[in-house]
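To start, the structure itself, in structure tokens.
The values are calculated or read from the model by the stated rules, or taken from the named source; none is laboratory data. Only a predicted model underlies this, so the values are computations on that prediction, with no experimental measurement involved. Here the Cβ positions follow ideal geometry from the backbone for every residue, glycine too, while neighbour counts run over all protein chains shown. For the accessible areas, the whole protein counts, side chains as well, though only heavy atoms, and no ligand, DNA or RNA atoms are used. Shrake-Rupley method; radii C 1.70, N 1.55, O 1.52, S 1.80 Å.
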Amino acid sequence: MSVVALVLAAGSSVRFGGDKRRALMADGRSVLVHSVELACTVFDDVRVVLRDGERGEALGLPSACRVISSADYTLGMGHSLAAGAASLVDSEAQAVAILLGDMPWVEPATLGLLASKAGESTIVLPCHGGQQGHPVLFGRDFWPALVRLSGDEGARSVVRANPHSCVRLDVEDAGVLRDVDTPEALRQ
């Protein structure tokens with residue numbers, strides 16, 4: 001199964017109190033670099049959605065990833081996701097993995113497992129301890145709906161509208177639930 005990765009990293013980091021994408025982890029890499037390099041270990045095509053006018057080099061991103069600009073990033077995650085989904089017109093992949101740039105603790109094996117369950121007409125959702133997490137993988141059939149997203153809800157509406165297409169996969173990886181919303185979350 002061919003899966004393209006789309007890393008969402010255009011948010012404003014309001015709860016963090018600064019640009020959390022640049023916050024350093026214990027290994028000296030930034031949260032965003034860690035998340036993007038993780039995606040690059042599993043997926044051949046990695047695209048990163050950044051704020052309008054930002055460059056990947058300025059954030060230390062690997063040159064192999066493609067930067068997608070979100071002009072309407074201030075209007076919410078749905079707009080950034082739509083910008084990223086619109087970039088998929090040149091992709092021959094059967095599914096897209098929507099990763100969040102502030103979730104650096106997902107294990108590569110988990111990404112591989114999720115990708116192995118993806119299909120053109122499925123939505124794959126990881127679950128840990130009864131909670132739904134990220135990344136979520138959307139089959140190609142759902143890409144037009146992703147392009148139409150707006151607001152700050154992300155793709156929840158697409159998931160809710162297609163319950164029979166959802167494949168919930170229980171994983172042992174607590175990283176699917178852990179994000180960096182505050183400096184305290186980074187230190188834990």
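Considering only the other residues whose Cβ falls under 11 Å of the Cβ of S2, what net charge follows from Lys and Arg at +1 and Asp and Glu at -1?
Around S2, the charge tally is -3.
Over the chain, what relative contact order in percent results from Cα pairs under 8 Å that are six or more residues apart?
Averaging sequence separation for qualifying contacts and normalising by length gives 26 percent for the chain.
How big is the dipole moment of segment 37-160 about its Cα centre under a simple scheme where the beta carbon of each Lys and Arg is +1, that of each Asp and Glu is -1, and everything else is neutral? Debye, nearest 20, please.
280
How are the C-alpha pair distances of segment 1-92 spread across 10 Å bins, as whole percents from the shortest bin up?
Final binned percentages: 17, 49, 30, 4.
If you average the sequence gap of Cα pairs under 8 Å that are 6 or more apart and divide by the length of segment 1-62, what percent do you get for the contact order?
Relative contact order comes out at 44 percent.
Taking the square root of 5 times each eigenvalue of the Cα gyration tensor, what semi-axes in Å does the equivalent ellipsoid of the chain have, largest first?
Three semi-axes, in Å: 23, 19, 16.
Does segment 94-184 classify as rounded, prolate or oblate by the C-alpha gyration tensor (a ≥ b ≥ c root eigenvalues; a/c under 1.5 gives rounded; else a/b over b/c gives prolate, otherwise oblate)?
Cα axes put segment 94-184 in the oblate bin.
How much area per residue is accessible in the chain when the probe is 1.4 Å and only protein heavy atoms are counted (Å²)?
47
Heavy atoms only, probe 1.4 Å: what % of the accessible area of the chain goes to carbon and sulfur, would you let me know?
About 49 percent, which is the carbon plus sulfur part of the accessible surface.
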